[in-house]
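The values are calculated or read from the model by the stated rules, or taken from the named source; none is laboratory data. Quick caveat: nothing in here was measured; it's all calculated off a predicted structure. Positions of Cβ are backbone-derived with ideal geometry, glycine not excepted, and every protein chain shown enters the neighbour counts.
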């Protein structure tokens, strides 16, 4: 598709329309299927009933009918089911009341999920200010346009196929019960059962995806995908053409992010390793240290390698030159907006206010953020004699990224340790990229999101204390490691298999995101250069790429100064 876009816009448009129509036809179920398959509930009337009522321990009100007659407890379970049916017949009013309670629980969780999704959406403003402030003023409008376009085009790609790829099979293994589940999204396009690799329903949010629960999930998940899309802006800015950037965002929203998201959050094979291979609770990433941040960070690394460093970044001796941030007020303001948005990012990932772990998650998120900022600030001070506000801000973001995967599974003390490790890693990563790899990353996005995202997933396998996550990915609903109610557990608390699962999964993230991105865009770059001309880059990309400057009054002042100088000379 990228080749058609470059060589023949008319052919590309014709093909795109054909694919659009085909996907709409495929995604709408035929009448025969409608009689057999669960039906979507776009009005939200049937979403949430007595089946959603649970007690404080998570036990459901409904007693399910046992189906395995060979099970040793079959008779006991059958009696409990029969007693429940008798009770239903005697007290229909109580069951109708239970329907209302169940609907109210789902409604409350809907509101929580949507509101926290709005908080994550506001992070776009934080990314725009942060990245714009960190670059040179001649490229400020360029940065703002990239941030704006990232939301627009990545969203369209996610709407067309990304959501279907990520969650099209979710009801098979990981239906989000807090918001009513998604029973209509129940087919993997590639793989099946515990080995699903790609979702296969919900293209263009039509047919099975036209459902209140599914679209609540869509809003929350699309802003996560957009975060991955914003990450690459900071690493490839000041030298990429606009058309190439749009391809990157379409690729992120339509393919790269949804595929890995399916493996971890959409009921795919990585999440099911606990059941299929008896590896802990399967691969666990609570809110996206790897699914969002490492995917974005290592994609950014591949693109930065392909593009090469900015002109003048390295002198004749090979030593890096500093390009100072042009607006520190933007940098700090953007960082705090991101911290604010993260209060939706992590606590919102419970997909429900009925999960009271949200208080632990919120505190852990903030503690890791401030610990990351402190450790990054002090390490930079020790190395160079002065604290650097830009690296302190990156340290705060590093702490946020690293705690995003383990925030629900660890104690506040562990969150502080995770933040300290992330702050040290982000400093080391920036210096390593700049001085050893010779990768030019203007905003430090690769270190913040890539390296610290990898660290966050590994920290689940080290620090998770077992107090939360019983039944996670279908493992340990009753007992785990010989203990009732034991949740996700790391190395320090007795589960070695979870550590190896996390280490392997996090490393796979880096290989997948870097490798796939590098192959695709190496080919694209060979067909048509993704980089702007040398003249445009040296003069600033605002006018050559977008026809306007971020600070036009400066041009007027320079022109006036030149006129005065000419008059004085005359």
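A few points about this structure:
Every residue, every condition in (1) within 25 Å of residue 497 (Cβ to Cβ); (2) in a loop (DSSP other than H, G, I, E, B); (3) in contact with a strand residue (DSSP E or B) (Cβ under 8 Å, 6 or more places away or on another chain), yes or no:
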site: 356; (1), (2), (3): no, yes, no
site: 367; (1), (2), (3): no, no, no
site: 379; (1), (2), (3): no, no, no
site: 393; (1), (2), (3): no, no, no
site: 396; (1), (2), (3): no, no, no
site: 414; (1), (2), (3): yes, no, yes
site: 431; (1), (2), (3): no, no, no
site: 447; (1), (2), (3): no, no, no
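- Comparison of 437, 455 shows that the only residue that is more than 20 Å from residue 119 (Cβ to Cβ) and in contact (Cβ under 8 Å) with a residue 60 or more places away in the chain is 455.
- Taking each residue of the range 64-93 that is within 19 Å of residue 54 (Cα to Cα) and looking for partners that are part of a loop (DSSP other than H, G, I, E, B) and at pLDDT 80 or above with beta-carbon atoms closer than 6 Å, six or more apart or interchain, yields 77/66; 81/65.
- Residue 415 being within 21 Å of the chain's Cα centre (by Cα) and either crowded, with 19+ Cβ neighbours inside 10 Å or closer than 24 Å to residue 123 by Cα (or both): yes
- Odd one out for residue 215, checked against (1) more than 22 Å from the chain's Cα centre (by Cα); (2) over 30 Å from residue 310 (Cα atoms): (1)
- Looking across the range 472-484, the residues that are assigned to a loop (DSSP other than H, G, I, E, B) and in contact (Cβ under 8 Å) with a residue 60 or more places away in the chain come down to 475, 476.
- Condition met for residue 441 (assigned to a helix (DSSP H, G or I), out of contact with any strand residue (DSSP E or B) (no Cβ under 7 Å at 6 or more places or on another chain), buried (at least 24 other Cβ atoms within 10 Å of the Cβ) and on the phi < 0 side of the Ramachandran plot): no
- Residue 196 vs. criteria more than 14 Å from residue 253 (Cα to Cα), buried (at least 24 other Cβ atoms within 10 Å of the Cβ), modelled with pLDDT of 95 or more and more than 17 Å from the chain's Cα centre (by Cα): yes
- Set 374, 329, 304: member being modelled with pLDDT of 95 or more and within 23 Å of the chain's Cα centre (by Cα): 304
- Residue 156 surrounded by fewer than 24 Cβ atoms within 10 Å (Cβ to Cβ) and either within 24 Å of residue 272 (Cβ to Cβ) or modelled with pLDDT of 95 or more (or both): yes
- Here residue 467 clears all of (1) more than 17 Å from residue 364 (Cβ to Cβ); (2) in contact with a helix residue (DSSP H, G or I) (Cβ under 9 Å, 6 or more places away or on another chain); (3) part of a loop (DSSP other than H, G, I, E, B); (4) without any contact (Cβ under 8 Å) to a residue 60 or more places away in the chain except the condition numbered (1).
The rows are residues; the columns are (1) buried (at least 17 other Cβ atoms within 10 Å of the Cβ); (2) under 16 Å from residue 448 (Cα atoms); (3) in contact (Cβ under 8 Å) with a residue 60 or more places away in the chain.
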position	(1), (2), (3)
271	yes, no, yes
276	no, no, yes
281	yes, no, yes
284	yes, no, yes
298	yes, yes, yes
302	yes, yes, yes
316	no, no, no
320	no, no, yes
325	yes, no, yes
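- The conditions of being part of a helix (DSSP H, G or I) and either touching a residue at least 60 places away in the same chain (Cβ under 8 Å) or crowded, with 20+ Cβ neighbours inside 10 Å (or both) are met by residue 373.
- Criterion applied to 189, 185 was being buried (at least 24 other Cβ atoms within 10 Å of the Cβ), over 30 Å from residue 125 (Cβ atoms), in contact with a strand residue (DSSP E or B) (Cβ under 9 Å, 6 or more places away or on another chain) and without any contact (Cβ under 8 Å) to a residue 60 or more places away in the chain, and the one residue passing it is 185.
- Within the range 214-229, residues that are without any contact (Cβ under 8 Å) to a residue 60 or more places away in the chain sit with their Cβ atoms under 6 Å from residues that are assigned to a helix (DSSP H, G or I), at 6+ positions apart or across chains, in these pairs: 218/163.
- For the range 517-548, the set of residues classified as under 15 Å from residue 137 (Cβ atoms) and surrounded by fewer than 17 Cβ atoms within 10 Å (Cβ to Cβ) consists of 538, 539, 543, 546, 548, listed by residue number.
- Comparison of 383, 367 shows that the only residue that is buried (at least 20 other Cβ atoms within 10 Å of the Cβ) and modelled with pLDDT of 95 or more is 367.
- Matching residues, the range 327-357, being surrounded by fewer than 20 Cβ atoms within 10 Å (Cβ to Cβ), closer than 23 Å to residue 413 by Cα and in contact (Cβ under 8 Å) with a residue 12 or more places away in the chain: 336, 340, 343, 355, 357
- Selection status of residue 309, surrounded by fewer than 24 Cβ atoms within 10 Å (Cβ to Cβ), at pLDDT below 95 and either outside any helix (DSSP H, G or I) or touching a strand residue (DSSP E or B) at 6+ places or on another chain (Cβ under 9 Å) (or both): no
- Within the range 181-193, tally of residues that are under 19 Å from residue 222 (Cα atoms) and at pLDDT 95 or above: 1
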